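**Q** Got a structure for you, questions after.
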Ligand code: S3P
């Protein structure tokens, strides 16, 4: 892979980071990791439970610790990250140290359809989840863009096409 050791996927909730990441790992024969899964495993608790009992700030601290611990340890890996992870100060730099960062950019309308009725994301569980989503998208998108080495638009593309696009773009940077 032209010296590329790790690929880090970032993007909003519902952009397909975990799904695409696992397919990408299979294609490249890389190991697959997901920060949400790592946090749940380590704390033996669900993300919803962490948010409900310890609060968002504690979850953000766990996210930062998780990626700090991976520095120097990831090799031939795909790392999928929680949608809010790049927003915490210091994390964009850590992500770029870990590997080539790919922003999976998905339009608001597609994200909205995918997340309709979702009960697993604490940030979107409020009554006005539409407004929350819009505000988060507006605030986060420029941060995702500034953090990424590569931006891949996922709208109306198959997982195979997206995986192909990530592989070839990553090799050309
Ligand atoms: C969050 C995204 C979630 C999860 C948590 C918070 C966010 O991950 O980390 O619910 O702040 O956007 P996904 O992006 O995998 O849904």
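The values are calculated or read from the model by the stated rules, or taken from the named source; none is laboratory data. These figures come from a predicted structure and were not determined experimentally. Cβ sites come from the backbone with ideal geometry, for glycine too, and all protein chains shown count toward neighbours.
**Q** Regarding the range 89-101, can at least one residue be identified that is at pLDDT 95 or above and under 17 Å from residue 14 (Cβ atoms)?
**A** Checking the range 89-101: not a single residue is at pLDDT 95 or above and under 17 Å from residue 14 (Cβ atoms).
**Q** Does the range 39-53 include one or more residues that are touching a residue at least 24 places away in the same chain (Cβ under 8 Å), in contact with a helix residue (DSSP H, G or I) (Cβ under 9 Å, 6 or more places away or on another chain), more than 21 Å from residue 124 (Cβ to Cβ) and crowded, with 19+ Cβ neighbours inside 10 Å?
**A** No - not one qualifying residue is present in the range 39-53.
**Q** For the range 21-38, give me each residue that is touching a residue at least 24 places away in the same chain (Cβ under 8 Å), within 24 Å of residue 125 (Cβ to Cβ) and more than 9 Å from the ligand (Cβ to nearest atom).
**A** Residue satisfying the conditions is 38 alone.
**Q** Which of the residues that make up the range 92-112 are in a helix (DSSP H, G or I) and surrounded by 11 or more Cβ atoms within 10 Å (Cβ to Cβ)? Can you show your working first?
**A** Looking only at the range 92-112, we keep the residues that are in a helix (DSSP H, G or I), and these are 92-98, 108-112.
Within the range 92-112, 92, 94, 95, 96, 97, 98, 108, 110, 111, 112 qualify.
**Q** Go through the range 63-91 residue by residue and tally those that are part of a helix (DSSP H, G or I), over 19 Å from residue 20 (Cα atoms) and within 15 Å of the ligand (Cβ to nearest atom).
**A** So the answer is 7.
**Q** Of everything in the range 139-167, what is loosely packed, with under 13 Cβ neighbours inside 10 Å and closer than 25 Å to residue 95 by Cα? Give them in sequence order.
**A** Those that are loosely packed, with under 13 Cβ neighbours inside 10 Å and closer than 25 Å to residue 95 by Cα: 139, 142, 145, 146, 155, 160, 161.
**Q** Only one residue in 10, 87 is surrounded by 17 or more Cβ atoms within 10 Å (Cβ to Cβ), touching a strand residue (DSSP E or B) at 6+ places or on another chain (Cβ under 6 Å) and either touching a residue at least 60 places away in the same chain (Cβ under 8 Å) or closer than 24 Å to residue 166 by Cα (or both). Which one?
**A** So the residue among 10, 87 that is surrounded by 17 or more Cβ atoms within 10 Å (Cβ to Cβ), touching a strand residue (DSSP E or B) at 6+ places or on another chain (Cβ under 6 Å) and either touching a residue at least 60 places away in the same chain (Cβ under 8 Å) or closer than 24 Å to residue 166 by Cα (or both) is 10.
**Q** Please count how many residues of the range 17-29 are surrounded by fewer than 21 Cβ atoms within 10 Å (Cβ to Cβ) and either outside any loop (DSSP other than H, G, I, E, B) or within 14 Å of the chain's Cα centre (by Cα) (or both).
**A** Adding up the residues that qualify gives 8.
**Q** Go through the range 113-138 and report how many residues are surrounded by fewer than 16 Cβ atoms within 10 Å (Cβ to Cβ), outside any loop (DSSP other than H, G, I, E, B) and without any contact (Cβ under 8 Å) to a residue 24 or more places away in the chain.
**A** So the answer is 6.
**Q** Here is a further query. Is at least one residue of the range 96-110 over 15 Å from the mean Cα position of the chain (by Cα) and at positive phi?
**A** No, the range 96-110 contains no residue that is over 15 Å from the mean Cα position of the chain (by Cα) and at positive phi.
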